[in-house]
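The values are calculated or read from the model by the stated rules, or taken from the named source; none is laboratory data. Everything numeric here is computed off the predicted structure, so don't read it as measured data. Neighbour counts run over all protein chains shown; Cβ positions are idealised from the backbone, glycine included. Please note that ligands, DNA and RNA were not included when accessible areas were found on the heavy atoms of the full protein model with its side chains. Shrake-Rupley method; radii C 1.70, N 1.55, O 1.52, S 1.80 Å.
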Amino acid sequence: MFTTAEIAKELDGEVIGDGSFPLTGFAPATAARPGDLTFAENETFFLKAEQSAASAILIDASYTSASKALIRVPNVRIAFARVLPLFFPERAFAPGIHPSTVVDPSAQIDPTAHIGPHCVIGEQVKIGPGVALQGGNHIGKNAVIGAHSRLFPNVVIYAQTQIGQRVRIHAGAVLGSDGFGYVFDSGQHRKVLQVGQVIVQDDVEIGANVTIDRGALGPTIIGKGTKIDNLVQIAHNVSVGEHCLVVAQVGVAGSTKIGHYTTLAGQVGIAGHLKIGNKVTIAAQSGVMHDVPDGGKWLGAPAQPDRQAKRQMIALQHLPELMRRVTELEKLVGDPPSPSEPGD
């Protein structure tokens, strides 16, 4: 339980109204009960919050209320993200190793780490302080997992993978699997061994059922602070920069380099050996076949700069009307002569 004033202090906000009122929960206006804090990011939401049973409202505009305490913050969305952990703290995992886990004698596991049931910890693995493996995790030879990282159930970490600090990897993700590399030899596809690794830097989050392939020789790299949604495929030797957003069902082909603060929206496909710049945005379902410069906003399949793509889309919308007008004009002037007929 927190007072309104305590919440405001945590959020660098100010209280308008009673700062001593106790708050016991956080909920949307449609489900709020007495004692709950809710939020309003525009006037419509504020009117609903005013009519709700909530006791206090997070705002970032100059609203007033006669019936509820208000907490004014610089940005409601940021405050929303910061306040949730206060009311819904994550599960704490007790240090220790479950008796069903198999640990190679050469592995180094910090005594503060939590190793859940049915894990397999391979040779020379290093697991740092405060790490939590929730269960069913396989950690391959020479893998490293940095401090306070969390692996949800059934995450598989192949050999030599390096995971930084405070990394979250959700259920079913596979890091370090073989890259898709073959050469055609004597009538068959001969496998090219993938002997590189995956390096995941600090503060990365990786969604459920993501696959990140190891490099053929060097590493596949996921930069600091990058967030990867569910069902993403990142191929061998790809480098993803820092603080990128990679949304669901994206596929990045081998050896492509992606800059910092770039966003790949849902179902984007990127061909191999490309360079995608810093602060680029690729719109959903785009197919990228060429390098994209810094700051570019591209869309379409094949993708191109957004203004150019939008002009083409608008032109296509007018195409039926244009065809109708051309047909009418042809009727007025008569059928054009056949190419085989001599001109007048």
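Going residue by residue through region 108-120, is there one that turns out to be in contact with a strand residue (DSSP E or B) (Cβ under 8 Å, 6 or more places away or on another chain), under 17 Å from residue 175 (Cα atoms) and hydrophobic (A, V, I, L, M, F, W, C)? Checked against the condition, which is being in contact with a strand residue (DSSP E or B) (Cβ under 8 Å, 6 or more places away or on another chain), under 17 Å from residue 175 (Cα atoms) and hydrophobic (A, V, I, L, M, F, W, C), region 108-120 yields at least one hit. Here residue 19 meets each of (1) surrounded by fewer than 21 Cβ atoms within 10 Å (Cβ to Cβ); (2) closer than 10 Å to residue 70 by Cα; (3) at pLDDT 95 or above with one exception, condition (3). Can you name the residue in region 84-111 that is of a type in the set (S, T, N, Q) and surrounded by fewer than 16 Cβ atoms within 10 Å (Cβ to Cβ) and, of all such residues, is nearest to residue 145 (Cα to Cα)? Only one residue tops the list, namely 108. Return only the number of the condition from (1) open to solvent by less than 80 Å² (accessible area, probe 1.4 Å); (2) more than 34 Å from the chain's Cα centre (by Cα); (3) without any contact (Cβ under 8 Å) to a residue 40 or more places away in the chain that residue 59 does not satisfy. Against the list (1) open to solvent by less than 80 Å² (accessible area, probe 1.4 Å); (2) more than 34 Å from the chain's Cα centre (by Cα); (3) without any contact (Cβ under 8 Å) to a residue 40 or more places away in the chain, residue 59 comes up short only on (2). Screening region 195-301 for strands (runs of 3 or more DSSP E) wholly inside it with 2 or more residues that are in contact with a helix residue (DSSP H, G or I) (Cβ under 7 Å, 6 or more places away or on another chain) and modelled with pLDDT of 95 or more returns the ranges 297-299. The criterion of being in a helix (DSSP H, G or I) and among the hydrophobic types (A, V, I, L, M, F, W, C) holds for residue 47. Filtering region 33-42 for residues that are farther than 15 Å from residue 80 by Cα, open to solvent by less than 70 Å² (accessible area, probe 1.4 Å) and free of Cβ contacts under 8 Å to residues at least 40 places away in the same chain leaves a non-empty set. Of all the residues in region 1-14, those that are open to solvent by 50 Å² or more (accessible area, probe 1.4 Å) and either acidic (Asp, Glu) or under 15 Å from residue 68 (Cβ atoms) (or both) number 4. Does region 174-192 contain at least one residue that is in contact with a His (Cβ under 6 Å, 6 or more places away or on another chain), more than 20 Å from residue 306 (Cα to Cα) and among the hydroxyl-bearing types (Ser, Thr, Tyr)? Within region 174-192, one or more residues are in contact with a His (Cβ under 6 Å, 6 or more places away or on another chain), more than 20 Å from residue 306 (Cα to Cα) and among the hydroxyl-bearing types (Ser, Thr, Tyr). Could you check, for region 168-176, whether at least one of its residues is more than 24 Å from residue 266 (Cα to Cα), in a loop (DSSP other than H, G, I, E, B), at pLDDT 95 or above and not aliphatic (A, V, I, L, M)? No; the residues of region 168-176 include none that is more than 24 Å from residue 266 (Cα to Cα), in a loop (DSSP other than H, G, I, E, B), at pLDDT 95 or above and not aliphatic (A, V, I, L, M). Residues that are farther than 21 Å from residue 177 by Cβ, part of a loop (DSSP other than H, G, I, E, B) and open to solvent by less than 10 Å² (accessible area, probe 1.4 Å) occur at least once in region 129-149.
Is it the case that region 303-322 has a residue that's under 22 Å from residue 212 (Cα atoms), touching a strand residue (DSSP E or B) at 6+ places or on another chain (Cβ under 6 Å) and either in a strand (DSSP E or B) or at pLDDT 90 or above (or both)? If you could, list the steps in order and put the result at the bottom.
First, pick out the residues of region 303-322 that are under 22 Å from residue 212 (Cα atoms): none.
Within region 303-322, not a single residue is under 22 Å from residue 212 (Cα atoms), touching a strand residue (DSSP E or B) at 6+ places or on another chain (Cβ under 6 Å) and either in a strand (DSSP E or B) or at pLDDT 90 or above (or both).
Remark: pairs (first residue in region 68-83, open to solvent by less than 60 Å² (accessible area, probe 1.4 Å); second residue in a helix (DSSP H, G or I) and hydrophobic (A, V, I, L, M, F, W, C); Cβ separation under 7 Å; 6+ apart in sequence or on different chains) = 71/7; 71/8; 73/79; 83/7.
When region 191-208 is examined, which residues are found to be touching a strand residue (DSSP E or B) at 6+ places or on another chain (Cβ under 8 Å), in contact (Cβ under 8 Å) with a residue 24 or more places away in the chain and surrounded by fewer than 24 Cβ atoms within 10 Å (Cβ to Cβ)?
Hits for region 191-208 are 192, 194, 196, 197, 199, 201, 205, 207.
Whether a residue is under 20 Å from residue 256 (Cβ atoms), out of contact with any Gly (no Cβ under 9 Å at 6 or more places or on another chain) and surrounded by fewer than 17 Cβ atoms within 10 Å (Cβ to Cβ) was assessed, and residue 290 passes this test.
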